[in-house]
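Asks: I am attaching a structure below and will ask some questions about it afterwards.
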Amino acid sequence: MAINYFSRCAKMNISAINLAMPPTSLSVKSRHVAVIGAGAAGLVAARELRREGHSVVVFERGHEVGGTWVYTPQVEPDPLGLDPNRPIIHSSFYSSLRTNLPREVMGYIDFPFVTRPGENWDPRRYPGHREVLLYLKDFAREFGVEEMVRFETDVIKVGILGDEKWKVRSKKSSFNDNNEIISKSNAEFDDEIYDAVVVCNGHYTEPRIADIPGINLWPGKQMHSHNYRIPEPFRDQVVIVIGSSASAVDICRDIAPVAKEVHVASRSVADETYTKQPGYNNLWFHSMIDHAHEDGAVVFRNGKTVLSDLIMHCTGYKYHFPFLDTKGIVTVDDNCLGPLYKHVFPPALAPYLSFIGIPWKIVPFPLFEFQSKWIASILSGRITLPSQKEMMEDIQAFYSTLEVSSIPKRYTHCIGQSQFEYNNWLATQCGCQGVEKWREAMYSMASVNRSLRPEMYRDEWDDHHLVSEAYEDFMKYLSASNL
């Protein structure tokens, strides 16, 4: 219910403000821009910024592009991810992960995510994570983004200077024996001045943990899905998985063949919920956990009790920007990052600080692309933002729609189905093509198919006509590339 209301609120907000179309009479400015992160958001940001004539440096802690799509079997030493001093593993992916969207929908607008011939590629329409990483690496090579990236460089602090400039402090990072990124303790800091900073560091490294009464006395183990990789460690165990989104749906099915029992707890179902998953003899779905006991028992709101070995929190992540010092102008409160105009610009610091990829429940790569085009054009002066006062008024109006509709603050950036109105609004500001009709229709059909065929949606579908339409559209890009 909250998501549907939010979609309506987002639509209201998007249509409420008319920004001026890109002016053609203004001279285009070139800025020196720092991009934080070389994942899917940072790569397309760098491309669009350079296309607009800006000078770009991309800071990347790791040794390759791809961000969260760079899979590693390594996990963090703190399985819940609560220790602020733990070595951070950036990726949250498990070995068996396949995309939950078809590749045609996923790709950047002008760089289609198509199948490639050869043994090294995954031909499936819902491919594994390695295929997406290879696609991102192809994108970086195709558009010369890698030459803008400083690998193994850890951003320590981004701070405001008095003359509307930004100081970025960084130092070289290295890797320990477990391939975990660590900062070189003897490395010297490198301070540089930039006109603008675009934050693209992702939001899948700082776990959110469910609040369970009695959990401090419960003797079992706990972990967050951020540190899940393979099912074997859970052989013959009784596992409780908390969550109802993609990771919970995948992981409970991944471990069921080896676990003794798997029980899935969800806040989004009625308290009396208790169902056995068809096709499994050891997988049950429950309402949320009510409380845990020191004797090892876990009691659900449906009244059922389970003696469990482990609780796995598939409960999402927090926005986390430990390097960013905005003097309190930008804050995170109950996973609402703000204030942000259109989920991108903090009005008091616009346009010289921006964020890409904050919205969730989206098709990420196209949204990143539209946000990047908008930011690049605003920094060059081809597009003008409203005044700071007008942007704040728009944000407050948006917050009010959420509050009136009883949407929790933590859903502020969940835009769901209204992402297409949002993307098209951005496209209108930039004067570029919006979301293709087939892409929107394919996304909707994929969502329905996922609900109807939760076990087989990645391999059985009924949108062949849309696939044909997509590939016809792709030809105008494929004919001009080496794909």
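The values are calculated or read from the model by the stated rules, or taken from the named source; none is laboratory data. As the structure is a prediction and not an experimental result, all values here were calculated from the model. Reconstructed Cβ throughout: ideal geometry from the backbone, glycine too, with neighbour counts over all protein chains shown. These area figures cover heavy atoms from the full protein model, side chains too; ligands, DNA and RNA do not enter into them. Shrake-Rupley method; radii C 1.70, N 1.55, O 1.52, S 1.80 Å.
Asks: Just checking: which of the helices (runs of 4 or more DSSP H) contained wholly in segment 381-459 hold 1 or more residues that are under 23 Å from PHE474 (Cβ atoms)?
Replies: Fully inside segment 381-459 and qualifying: 419-430, 437-452.
Asks: Next up: Do you know which residues across segment 312-351 are assigned to a strand (DSSP E or B), open to solvent by 20 Å² or more (accessible area, probe 1.4 Å) and hydroxyl-bearing (Ser, Thr, Tyr)?
Replies: Passing the criteria: TYR317, THR331.
Asks: Does segment 115-129 include one or more residues that are part of a loop (DSSP other than H, G, I, E, B), surrounded by fewer than 21 Cβ atoms within 10 Å (Cβ to Cβ) and among the acidic types (Asp, Glu)?
Replies: yes
Asks: Of the residues ASP295, ASP290, which is open to solvent by less than 80 Å² (accessible area, probe 1.4 Å), acidic (Asp, Glu) and not assigned by the TED database to the domain that holds ARG169?
Replies: ASP290
Asks: Quick check on my filter: what residues within segment 27-76 are among the basic types (Lys, Arg), in a helix (DSSP H, G or I) and open to solvent by 10 Å² or more (accessible area, probe 1.4 Å)?
Replies: If the condition is that a residue be among the basic types (Lys, Arg), in a helix (DSSP H, G or I) and open to solvent by 10 Å² or more (accessible area, probe 1.4 Å), then ARG50, ARG51 are the ones that fit.
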